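Written below as structure tokens is the structure these notes are about.
The values are calculated or read from the model by the stated rules, or taken from the named source; none is laboratory data. Please read all numbers here as calculations on a predicted model, not as lab measurements. A quick note on method: Cβ atoms are made from the backbone with ideal geometry, for glycine too, and the neighbour counts reach across all protein chains shown.
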Amino acid sequence: MMNCREATRLMSEAQERKLSLGETAELKIHTMICAGCKNFGQQMQSLRGMMRSFAQGDDPEDKPPGWQGHNKDNE
Amino acid sequence: MNTLTDTPSNTLADRHFLEQLRHQMLSFARLQLNDDHLAEDAVQEALAGALKNADAFKRQAALKTWVFAILKNKITDILRQKYRLQEHMLPDDDDGCKNGEELDDQLFDHRGHWQADERPQHWGAPQRLVYERQFWQVFDACLNHLPAQQARVFMMREFLELSSNEICSAQSVSVSNLHVLLYRARLQLRECLENNWFSGAQEA
């Protein structure tokens, strides 16, 4: 069976290429029993999202006050 | 309503801001292009182009985003050109996977399972944290801690959004080595963010 090192490798590669059906199935089985790798998989998505925000210039020095609430209505 | 302190005129008149911006652009361009001359030229061109229309930007943040977008395009052009030049002489398998080996060995045991204290934790709701000022400082520091080659390919992939083939060619690494480099960059970045942000920020 796939170990965590192999599972995390595949999760990273999934950001570059489409995994095969077999790979996807093996990953699914692994993450069902491994909470650490399940978290890792979600965090790969989060990292990509963070890089997008970072690229769009959400930079610490430039943030006007109140920016954090920009996607919600402030009471 | 927020009061915006930056007016169009003082956005440009602010020497300190411009100097800082140039500095950030340069270090970004150097990292991507790995060539001081090309980097200088790209930054110079991007700045000149951007400043012509700078009046349109009321906030420094907006100007900065725009300048970086232009720089990003320039760098992409330069790399694409490089890519075309190198297209016919594809690299052999090489040493692209040397650095970072130690981190893998620290994180996993000999059977390839997570070491007990290295197992990834749940991060909570990162979407909200993403916009916190201090978070970006940590994020920036973690990016800066990546080994240079990992940082370069990671930024090409995630910031410039180049394809694997383009990166491989520009960096002279094979696709499988590129995947290893990206994997190690993500592994380290994840680890750094968890240790310096998420493990402490969760109870907040």
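Among the residues in the stretch B:179-186, are any over 12 Å from the mean Cα position of the chain (by Cα) and either at pLDDT below 80 or assigned to a loop (DSSP other than H, G, I, E, B) (or both)?
No - not one qualifying residue is present in the stretch B:179-186.
Which members of the stretch B:145-178 meet the condition of being assigned to a helix (DSSP H, G or I) and of a type in the set (S, T, N, Q)?
Within the stretch B:145-178, B:Q149, B:Q150, B:S164, B:N165, B:S169, B:Q171, B:S176, B:N177 meet the criteria.
Quick check on my filter: what residues within the stretch A:8-38 are within 14 Å of another protein chain (Cβ to nearest Cβ) and in contact with a Cys (Cβ under 9 Å, 6 or more places away or on another chain)?
Hits for the stretch A:8-38 are A:T8, A:M11, A:H30, A:T31, A:C34, A:G36, A:C37.
Is one or more of the residues making up the stretch B:95-103 farther than 30 Å from A:N39 by Cβ and either more than 12 Å from every other protein chain (Cβ to nearest Cβ) or modelled with pLDDT under 90 (or both)?
yes
Could you list, in sequence order, all residues of the stretch B:60-71 that are under 17 Å from B:A39 (Cα atoms) and facing another protein chain (nearest Cβ under 8 Å)?
B:F68
Taking the residues in the stretch A:4-25 that are surrounded by 13 or more Cβ atoms within 10 Å (Cβ to Cβ) and hydrophobic (A, V, I, L, M, F, W, C) as candidates, determine which candidate is farthest from A:C37 (Cα to Cα).
By that ranking, first place goes to A:L19.
Would you pick out the residues in the stretch B:164-178 that are facing chain A (nearest Cβ under 9 Å) and either in contact with a Ser or Thr (Cβ under 8 Å, 6 or more places away or on another chain) or modelled with pLDDT under 85 (or both)?
B:V175, B:L178 - these are the residues of the stretch B:164-178 that are facing chain A (nearest Cβ under 9 Å) and either in contact with a Ser or Thr (Cβ under 8 Å, 6 or more places away or on another chain) or modelled with pLDDT under 85 (or both).
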